[in-house]
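Read through the structure below, which is laid out as structure tokens, and then see the notes.
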Amino acid sequence: MSTTVLVTGGAGFIGSNLIRWILRHRSWHVVNLDALTYAGNLENLRDVESDPRYAFVYGRVEDAAAVSQVLQEYDVCGIIHCAAESHVDRSILSVEPFVETNVRGTLVLLEAARSHGIERFVHVSTDEVYGSLGPNDPPFTEESPLQPNSPYAASKAAADCLVRAFVHTYGMPAIVTRCSNNYGPYQFPEKLIPLMITNALDDQPLPVYGDGQQVRDWIYVDDHCRGVVAAYERGRIGETYNFGGRSERRNLDVVYSILRILGKTDDLVRHVPDRPGHDRRYAIDCTKAERELGWMPEISFDEGLERTVRWYLDNQSWVQSVRAGEYRRYYQQQYGWRMG
Ligand code: NAD
Ligand code: TYD
């Protein structure tokens, strides 16, 4: 019998790249459960929507009846949980949706996975649960304490703890992955790299928070997707695996690199007030994933950034439709529901 995996949040940035990666590299069937929030866009999966191994189900992860029905109807044997509210700035403006989706949604999925005897549950989490590093601190390992600083990071850490408790208490066959900042095609232009690319293309100002000296460890999204599948296939139950790109960059340097690729001048850069509670530096030690999963990041930052800029240049209609929210009006007609 064929393997059917449920990917939650598959219409988002990482979820859509993950589904594409799985359909290309594995024989599995994939069901995508997504609530199509502002960040979920079925255009991201246009090229695979007619694949007989792919199905889309519209629904929320915190809707127990919907989740249970998907697991039963599609005879799902494993879950890769990507659905989340994912943007730190939004979490600062309003915490509630982050607790609802990221914490309660994960709990509902875990309960459903338990009652349906799911064989494998990969919870896709973030390095932001570890908090912030000083300039000379060693990178985060899986043993680093959880010290989330933003409401987003706190909600992800809470979800990670629920997964841990389900493994420990109920023997849930779950694994947690924690990845650094992703970039690549189909990323919603609210995150640093796609925002800077799309603004620069329109000769709009590039808002750099504070002094722009904050450091992130950038990973090309395909490298992350490969890691998630490796954790699904080869990860040890109850373990956590960090994924990172071994590509620490200061925000300002990332912005200058984008401007250089596009042939634009630095005077588009605008320093704006800093994000409240802004984490100064993230960096990931991924030696455990390299050792146990045989995984390593393959795409250098320079190559990945060139590819990403090229994708946004070649997909201007996607950018325009995302910015105009056109796809959301279409879903409203399609599903007759006021989108969140
Ligand atoms: P995204 O915001 O692009 O996509 C999130 C998807 O989840 C969207 O399709 C959205 O419609 C869906 N969704 C939101 N709430 C939902 C709900 N209640 N029920 C069902 N679907 C819902 O996010 P992303 O950047 O693709 O991140 C995916 C996952 O990876 C998240 O769990 C995030 O925490 C994690 N992660 C992201 C990064 C990154 O750099 N983007 C890094 C590490 C980990
Ligand atoms: P972001 O892409 O929001 O990811 P995260 O906050 O989860 O790391 O931001 C990456 C970095 O870029 C972070 O240090 C905040 C900064 N940033 C800006 O300076 N300007 C912006 O407009 C955005 C969205 C982010």
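Taken together, the criteria place V103 among residues that are farther than 27 Å from Y54 by Cβ and free of Cβ contacts under 8 Å to residues at least 60 places away in the same chain. When the residues of segment 225-249 are filtered to those that are part of a strand (DSSP E or B) and of a type in the set (S, T, N, Q), the one that is most open to solvent (accessible area, probe 1.4 Å) is T240.
Taken together, the residues in segment 34-66 that are open to solvent by less than 20 Å² (accessible area, probe 1.4 Å), among the small types (G, A, S) and under 16 Å from the mean Cα position of the chain (by Cα) amount to 2.
Residues in segment 158-176: is at least one of a type in the set (G, A, S), over 20 Å from C286 (Cβ atoms) and crowded, with 23+ Cβ neighbours inside 10 Å? Within segment 158-176 (the criterion being of a type in the set (G, A, S), over 20 Å from C286 (Cβ atoms) and crowded, with 23+ Cβ neighbours inside 10 Å), the answer is yes, since at least one residue qualifies. Looking only at residues in segment 36-89 that are charged (D, E, K, R) and without any contact (Cβ under 8 Å) to a residue 12 or more places away in the chain, the one that is farthest from A113 (Cα to Cα) is R46. Residues that are open to solvent by 10 Å² or more (accessible area, probe 1.4 Å), modelled with pLDDT of 95 or more, under 21 Å from G227 (Cβ atoms) and more than 16 Å from ligand 2 (Cβ to nearest atom) do occur in segment 67-85.
If the condition is being open to solvent by 10 Å² or more (accessible area, probe 1.4 Å) and either closer than 17 Å to T126 by Cα or without any contact (Cβ under 8 Å) to a residue 60 or more places away in the chain (or both), then segment 177-206 contributes R178, N181, N182, Q187, K191, L192, L195, D202.
For Y38, the conditions (1) within 9 Å of ligand 1 (Cβ to nearest atom); (2) touching a strand residue (DSSP E or B) at 6+ places or on another chain (Cβ under 9 Å); (3) at pLDDT below 95 all hold with the exception of (2). Here T141 fits the description: under 14 Å from Y241 (Cα atoms) and open to solvent by 40 Å² or more (accessible area, probe 1.4 Å).
Selection over segment 97-119 of residues that are within 19 Å of the chain's Cα centre (by Cα) and surrounded by fewer than 21 Cβ atoms within 10 Å (Cβ to Cβ) gives a count of 6. Among residues of segment 207-224 that are open to solvent by 10 Å² or more (accessible area, probe 1.4 Å) and part of a loop (DSSP other than H, G, I, E, B), those with a Cβ under 9 angstrom from a residue that is more than 16 Å from ligand 1 (Cβ to nearest atom) and acidic (D, E), sequence gap 6+ or separate chain, pair up as G210/D274; D211/D274. Mind checking whether some residue in segment 159-175 is without any contact (Cβ under 8 Å) to a residue 24 or more places away in the chain, within 10 Å of ligand 2 (Cβ to nearest atom) and part of a helix (DSSP H, G or I)? No, because not a single residue in segment 159-175 is without any contact (Cβ under 8 Å) to a residue 24 or more places away in the chain, within 10 Å of ligand 2 (Cβ to nearest atom) and part of a helix (DSSP H, G or I). Filter segment 178-214 for residues that are β-branched (V, I, T) and within 8 Å of ligand 2 (Cβ to nearest atom) and give the result. Within segment 178-214, I193, V208 qualify.
The values are calculated or read from the model by the stated rules, or taken from the named source; none is laboratory data. Note that this is a predicted model, so its numbers are computed, not measured. Cβ coordinates were reconstructed from backbone atoms using ideal geometry, including for glycine residues, and neighbour counts include every protein chain displayed. These area figures cover heavy atoms from the full protein model, side chains too; ligands, DNA and RNA do not enter into them. Shrake-Rupley method; radii C 1.70, N 1.55, O 1.52, S 1.80 Å.
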